[in-house]
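Have a look at the structure below before the remarks.
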Amino acid sequence: MKLFRKEKAVITYDPETQYAVIRSSICTGEKAAGFKDKKTGHFTEVMLISSPADEKHFKEMYGLDSVKVEY
């Protein structure tokens with residue numbers, strides 16, 4: 001029985017309408033990985049990036065070779 005952990009929903013990724021991006025704050029340095037809609041620019045956050053291992057895990061989850069970084 002899990003008392004404190006939430007079940008994480010899997011976010012689907014459609015490369016035809018979305019692209020992978022890491023949003024990085026200039027002020028705090030906080031990074032969030034997710035997908036941005038090509039038409040509307042809406043960002044859907046998947047996970048926070050706190051180490052290079054997190055970025056590697058994000059790429060492996062979605063089969064990505066590289067991820068664009070936006071500030």
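The values are calculated or read from the model by the stated rules, or taken from the named source; none is laboratory data. Everything numeric here is computed off the predicted structure, so don't read it as measured data. When we count neighbours, we look across all protein chains shown, and the Cβ atoms used for this are built from the backbone with ideal geometry, even at glycine.
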The condition from (1) modelled with pLDDT of 90 or more; (2) touching a helix residue (DSSP H, G or I) at 6+ places or on another chain (Cβ under 9 Å) that Asp37 misses is numbered (2)
Do the conditions hold for Phe4, that is, is it assigned to a loop (DSSP other than H, G, I, E, B), out of contact with any Leu (no Cβ under 6 Å at 6 or more places or on another chain) and either at pLDDT 95 or above or not β-branched (Val, Ile, Thr) (or both)?
yes
Has the stretch 58-68 got at least one residue that is at pLDDT below 95 and either over 13 Å from the mean Cα position of the chain (by Cα) or polar (S, T, N, Q) (or both)?
yes
Filter result (closer than 16 Å to Val10 by Cα, small (Gly, Ala, Ser) and outside any loop (DSSP other than H, G, I, E, B)) within the stretch 33-71:
Ala33, Gly34
